[in-house]
Structure formats: structure tokens, C-alpha cells
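Working notes, beginning with the structure itself.
The values are calculated or read from the model by the stated rules, or taken from the named source; none is laboratory data. These numbers were taken from a predicted model, which means no experiment stands behind them. FYI the Cβ positions are ideal-geometry reconstructions off the backbone, even for glycines, and counts take in every protein chain you see. For the accessible areas, the whole protein counts, side chains as well, though only heavy atoms, and no ligand, DNA or RNA atoms are used. Shrake-Rupley method; radii C 1.70, N 1.55, O 1.52, S 1.80 Å.
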Amino acid sequence: VQLQASGGGLVQAGGSLRLSCAASGSIFGINSIDWYRRAPGTQRELVATITNDGSTNYADSVKGRFTISRDNAKNTVYLQMNSLKPEDTSIYYCHALKDYINYWGQGTQVTVSS
């Protein structure tokens, strides 16, 4: 499984960004895809999850502002981020779990200016 993350950038507080995670390779049987983030000097944080049955889950810090979704035809998972705050500044990583194996994409930097 290969994961390609994109969509990061610089945005002002209150703005929006949409991250994309394109999956390729042996994607059949992926159990879930998540977005994590990690800022310098902090622990990695699980931001949002979407399972293979479409269930979603969010960190309390992003509930009501972020939405995870997927386009099965494009093998892509999205993270729509609205009402961004400076504390959302981080490197965002997509992650997939398949048959108890973890797969990671490269990070994409999100910077929110105040």
C-alpha cells in the first residue's frame, strides 16, 4: 500500500484547506484510513479516522471543524479543514491499517497564521 498526501499550505486563521490522501497498490482490504498530525516538540495526534464501512471518528480538538471523507472511485481520502486555528499548525500524515500492518504516507505541512 502506498499513500500520497497532498494539499497542505499556508492559510490565515479562520481559513480552510483540504488535504488529500491517494492510496495505491494493494489497497483491497484496507480496514481504515486516518489522518494524524505532529507539531515540533509534541506527540503525534490522531485527528480523524474513516473505516471501510464509512464510520468516522474525530479528535475532540477538531470536531465540528474537520470532516474526513472518501472517494472510492479515486481511492482517495480527504480531510476538509475549516475554521483553522494557529494551533492546527502541524505536519499532517495519512495512515492506513491493513491486516494489522501500518502504512504511512509522507507528511504535508499545514501552517495557520494568526
Filter the stretch 6-16 for residues that are over 13 Å from Ser90 (Cα atoms) and either assigned to a strand (DSSP E or B) or at pLDDT below 95 (or both); which is most open to solvent (accessible area, probe 1.4 Å)?
Gln12
The stretch 87-112 residues that are touching a residue at least 12 places away in the same chain (Cβ under 8 Å) and over 16 Å from Gln4 (Cβ atoms), paired with ones that are basic (Lys, Arg) and open to solvent by 50 Å² or more (accessible area, probe 1.4 Å) (beta carbon under 9 Å, 6 or more apart):
Ser90/Arg38; Val112/Lys85
